[in-house]
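Novice: Got a structure for you, questions after.
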Amino acid sequence: VPETLKQMYIFVPSNVKVVYLFYTLLRSLREEEEEEEDTEDGTVIESVPRIRSAIVFCATCQMCQLLTETALEMEIPAVCLHSQMTQNRRIAALTKFKSGGVRLLFATDVASRGLDIPSVEMVVNFDIPKSAKDYVHRVGRAARAGRSGSALTVVSQHDIELLQSIEAYTGKKLVDFSAVSDAESKVLKLLQRVSTATRLARMRIAQEGWGGGSRRAS
């Protein structure tokens, strides 16, 4: 794992993982700078750093497709990459992401190694990998060639042992991403919006089928 890579985690209940994910993405991929906030006791709440590109890794093709469709329903430009897509759609999605036409890529581990994907500023493990080696391959997509970058792992109550195995393998403790984990009231304001977008995404997938990849995403 590159020394210039900042490895972080957020610990959230499994039933609101998607809401926390999209809060992080909306804040990270924003166009404008965001000022840090002062609390009533005078302490400063750090803002989520702005980034230009991100890859979100998922455990399954189905989840990868669902999150992509949910992002599109929320008007977040995104593409996906998984093994159930046709080769033409995979190439088209990867080309869009590599060219900077789309800044967000949802992917399974098919994108963690062996593909010519440029360094990105943030890697998000929406589903924590079962293998610590897979974690290293995933986060290695960020902070290449001496550049800085960040890796954020979404950890639920079911993932504690997996997180501990990753920390033991890499020899480094992940840092609590307090800019997100301490923003519960702001995150939950998105709950209705994300729930509606997810429901519409499921309907679209059921109507069009997801095997070929999103028509709007590619």
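Novice: Report the gain in length on full extension from ARG147 to SER195: 0.36 nm times residue separation, minus Cα-Cα distance, nm rounded to one decimal. Provide the component values of the computation, followed by the final result.
Specialist: Working: separation 48, 0.36 × 48 = 17.28 nm, distance 3.60 nm.
Going from the current span to full extension adds 13.7 nm.
Novice: Still on this structure, I have one more. Tell me the label-point distance for the pair GLU208, TYR169, using the 7 Å Cα-to-Cβ offset, in nm and rounded to one decimal.
Specialist: Inter-label distance under the simple model: 3.4 nm.
Novice: Got a sec to turn the phi values of the range 89-100 into Karplus ³J(HN,Hα) couplings, 6.51 cos²θ - 1.76 cosθ + 1.60 with θ = phi - 60°, whole Hz, x for Gly and Pro?
Specialist: 6, 4, 4, 5, 5, 5, 5, 4, 5, 5, 7, x
Novice: Would you mind checking which residues have amide H under 5 Å from VAL124's amide H? H placed 1.01 Å from N; only 5 or more apart, or other chain.
Specialist: Result for VAL124 returns ILE55, VAL56, PHE57, LEU152.
Novice: Oh, and also: Taking Rh as the Kirkwood radius computed over C-alpha pairs, what is the Stokes-Einstein D of the range 89-180 at 10 °C in a medium of viscosity 1.306 mPa s, expressed in µm² per second?
Specialist: The calculation lands on 112 µm²/s.
Novice: Run the helix sum for the chain: -39,500 (n - 2.57) per DSSP H stretch of 4+ residues, divided by residue count, reported at 222 nm to the nearest 500 deg cm²/dmol.
Specialist: Numbers: 8 runs with 84 residues, N = 218.
Computed mean residue ellipticity for the chain: -11500 deg cm²/dmol.
Novice: Report the full-extension gain for the segment ARG50 to PHE11: residue separation times 0.36 nm, less the Cα-Cα distance, to one decimal in nm.
Specialist: Details: separation 39, 0.36 × 39 = 14.04 nm, distance 2.10 nm.
Roughly 11.9 nm would be gained on extension.
Novice: Sort by residue number and report every cysteine in the chain with no other cysteine beta carbon within a distance under 4.7 Å.
Specialist: That list is CYS61, CYS80.
Novice: Something else: Over all alpha-carbon pairs of the range 58-129, lay out the pair-distance distribution in 10 Å bins, whole %, shortest bin first.
Specialist: Answer for the range 58-129: a P(r) of 20, 60, 21, 0 percent.
Novice: Using DSSP to define loop residues, name the trypsin sites (Lys or Arg not before Pro) in the range 165-196 whose beta-carbon has at most 15 other beta-carbon atoms within 10 Å. Each step should come with its number before you reach the end.
Specialist: Working: sites: LYS172, LYS173, LYS186, LYS189, ARG193; in loops: LYS172, LYS173, LYS189.
Hits after loop and neighbour filter: LYS172, LYS173, LYS189.
Novice: Now, a different point. Once you have the alpha carbon radius of gyration of the chain, what is it after dividing by 2.2 N^0.38 Å, with N set to its residue count?
Specialist: Numbers: Rg = 16.7 Å, N = 218, 2.2 N^0.38 = 17.0 Å.
That ratio works out to 0.98.
Novice: What accessible area per residue, rounded to a whole number of Å², is obtained for the range 105-165 using a probe radius of 1.4 Å?
Specialist: On the way: 2430 Å² over 61 residues.
For the range 105-165, the solvent-accessible area averages 40 Å² per residue.
Novice: With charges set only on the Cβ (+1 for Lys and Arg, -1 for Asp and Glu), what does the dipole of the chain come to about its Cα centre, in debye to the nearest 20? Present the calculation step by step, with values, prior to reporting the outcome.
Specialist: Working: 28 positive and 27 negative charges, 278 e Å.
So the magnitude is around 1340 debye.
Novice: Measure up LYS17/LYS130; LYS6/LYS186; LYS17/LYS96; LYS17/LYS133; LYS96/LYS172; LYS6/LYS98 against 29 Å on the Cα-Cα distance and list the ones that go over.
Specialist: Working: LYS17/LYS130 18 Å; LYS6/LYS186 24 Å; LYS17/LYS96 27 Å; LYS17/LYS133 23 Å; LYS96/LYS172 34 Å; LYS6/LYS98 22 Å.
From LYS17/LYS130; LYS6/LYS186; LYS17/LYS96; LYS17/LYS133; LYS96/LYS172; LYS6/LYS98, over 29 Å: LYS96/LYS172.
Novice: Give the carbon-plus-sulfur fraction of the accessible surface of the chain in %, rounded to a whole number; probe 1.4 Å, heavy atoms of protein chains only.
Specialist: Numbers: 5360 of 10850 Å².
Here it works out to 49 percent.
Novice: Can you work out ³J(HN,Hα) from phi for every residue in the range 52-63, in order, using Karplus 6.51 cos²θ - 1.76 cosθ + 1.60 and θ = phi - 60°, giving whole Hz and x for Gly and Pro?
Specialist: Ordered by residue, 3J(HN,Hα) equals 9, 7, 8, 10, 10, 8, 10, 7, 10, 4, 4, 5 Hz.
The values are calculated or read from the model by the stated rules, or taken from the named source; none is laboratory data. Remember, predicted model here, so these are calculated numbers, not experimental data. Don't worry about glycine lacking a Cβ; one is built from the backbone with ideal geometry, like all the others, and counts go over all protein chains shown. For the accessible areas, the whole protein counts, side chains as well, though only heavy atoms, and no ligand, DNA or RNA atoms are used. Shrake-Rupley method; radii C 1.70, N 1.55, O 1.52, S 1.80 Å.
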